[in-house]
Amino acid sequence: QAQLVESGGGLVQPGGSLRLSCAASGSIASINSMGWYRQAPGKQRELVARIARGGTTTYADSVKGRFTISRDNAKNAVALQMNSLKPEDTAVYYCNVNSLFGDRWGQGTQVTVSS
């Protein structure tokens, strides 16, 4: 079964940028969408951004205009460019792939925005 491997998290100052990447270790059939979710301490996991098979994107209101999601269908990979980061963006970010067979999740990568 293909695993999702994430990279790119870390510590950044407010106003800075980070790029998260996620790639599947094997093939995944019938993908509907790929995306990123995040979970801050004491809060529920929430959608950050999602890109559908045809390229339609969805963003949380809190990140619109600051984050950009992109996808490489041939490589089953998805990336999240995060600009103008704020302390409230601090969370564990999870890669998600939704397919005909259900959801798959990455292990999570920590993003901390702090001065």
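The values are calculated or read from the model by the stated rules, or taken from the named source; none is laboratory data. Keep in mind that what you see is a predicted model, and the values were worked out from it rather than measured. Here Cβ is always computed from backbone atoms with ideal geometry, including for glycine, and neighbour counts include all displayed protein chains. Side chains included, ligands, DNA and RNA excluded: accessible areas come from the protein's heavy atoms. Shrake-Rupley method; radii C 1.70, N 1.55, O 1.52, S 1.80 Å.
Just the number please: accessible area per residue for the chain, 1.4 Å probe, all protein chains included, in Å².
Working: 6050 Å² over 115 residues.
In whole numbers, the chain has 53 Å² accessible per residue.
When the Cα positions of Gly106, Ala60, Leu18 are compared along the charge dipole of the chain, Ala60 comes out farthest toward the positive end, with charges on each C-beta of Lys, Arg, Asp and Glu. Of the chymotrypsin sites (Phe, Trp or Tyr not before Pro) found in the stretch 12-115, those in coil by DSSP whose Cβ has at most 15 other Cβ atoms within 10 Å are Phe101.
When only Cα pairs under 8 Å and 6 or more residues apart are kept, what is the percent relative contact order across the chain? Intermediate results must be reported in sequence, preceding the final value.
Working: 282 pairs, mean separation 41.9, N = 115.
The value is 36 percent.
Here is the list for the stretch 25-60: trypsin sites (Lys or Arg not before Pro) lying in DSSP coil, each with at most 11 other C-beta atoms within 10 angstrom of its C-beta, are Lys43.
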